[in-house]
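Below is one structure, written out as structure tokens; the observations come after it.
Read-outs: derived from the displayed coordinates by stated rules, not from any lab. These numbers come from a predicted model, not from an experiment. Here the Cβ positions follow ideal geometry from the backbone for every residue, glycine too, while neighbour counts run over all protein chains shown.
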């Protein structure tokens, strides 16, 4: 082994001694251009970072509209002090790296910890949306009715929250809020809403609420959130919370099975599984899940031609959604009730209910919901033999379906118009 080392040393020295002047020039040029490439890469990266930081400041502080000022808090941490090149080169890239001014260390945050599902309306309103304003003002009560994200893909509309703190000096928590999701027209990837710094009491309330609602990204982030809570002196029994999560997941699985059986026409089994799911949700006090289970049961009864039972279940669902002020779900319930009244041939009642659904969808700016509402309203007017009103409603539905690019419904709507 030693002999091989001596051989390669001698061989290298011999090659160096035999190098001509043009070889040294070529080597020097290679090193020079290599250093130029490194410098250019660093300069370009720095410009990109500055541009990203500027865009972040513009979004976080919303300078273009001072009545919606969202000041990014940088009392304890700095968000413009970037790691040196060599540190970025040899460390994994994270979501965020606030700089602790006290310890002169970077708090590396590698991935979002919490995910909160939102409607497409929030994607367009951004800082104007109620949920963003509540989070910015440290009102964590809006999370108490949130559900776990079904998927962490880009297209799922959601607010993602990253948080961390400097443990060396036991500093406050820094929180970054971003929004992602797909609208009818575009895909929004990681648009930053605001950054704030929160004290330990607020952080504990946020984390405990998120754990209760199972809003953490994965098991690793769940464990980290629990660790933060314990460090902050939480008295919560996390074993009981985990057990409640397991029961809820079991109920949700029963609900999914009931819906699958509904789709395949196995209505008796669907009713049994949905009622079992509903019982667990009631025991856990999960009002939104109860409301969804009631509406799923209504679908089972509706498919089985039991309109009285279907109407009763939808009204129970609507009552819970009204308590929760969940307007998108309220609109669906009003539309469902309108369909039931339509089947009863109570067309005047059906019109009132469909108009309520349409009014909510319009206030939310939900084009797909509006298109369905005008479609249903056209059918009601057609049944009432109000052809001009039916034509107007169908025309508006057709326009919205064209905007959405839904070719099948656009074709169906055109067919309805041709029949008038």
For this session: Within 10 Å of each residue's Cβ, count the other Cβ atoms and sort 198, 360 from fewest upward.
Result: 198, 360
Problem set entry | For segment 85-235: Kirkwood Rh in Å [reciprocal of mean 1/r, alpha carbons] | 16.1 Å
Exercise. For 314, 31, what ranking results if the residue with the fewest other Cβ atoms within 10 Å of its Cβ goes first?
Worked result: 31, 314
Exercise. Which whole-number percent gives the relative contact order of segment 252-372, counting Cα pairs below 8 Å spaced six or more residues apart?
Worked result: 15 percent
Exercise. Taking only C-alpha pairs under 8 Å that are 6+ residues apart, what is the relative contact order of segment 85-235 in percent?
Worked result: 23 percent
For this session: Apply the Kirkwood formula to segment 240-419: the hydrodynamic radius equals the inverse of the mean of 1/r over all pairs of different alpha-carbon atoms; give it in Å with one decimal.
Result: 17.4 Å
For this session: Please order 30, 342, 321, 238 by the number of other Cβ within 10 Å, starting at the fewest.
Result: 30, 238, 342, 321
Problem set entry | Average Cα contact separation per residue, segment 92-153, under 8 Å, 6 or more apart, as relative contact order % | 26 percent
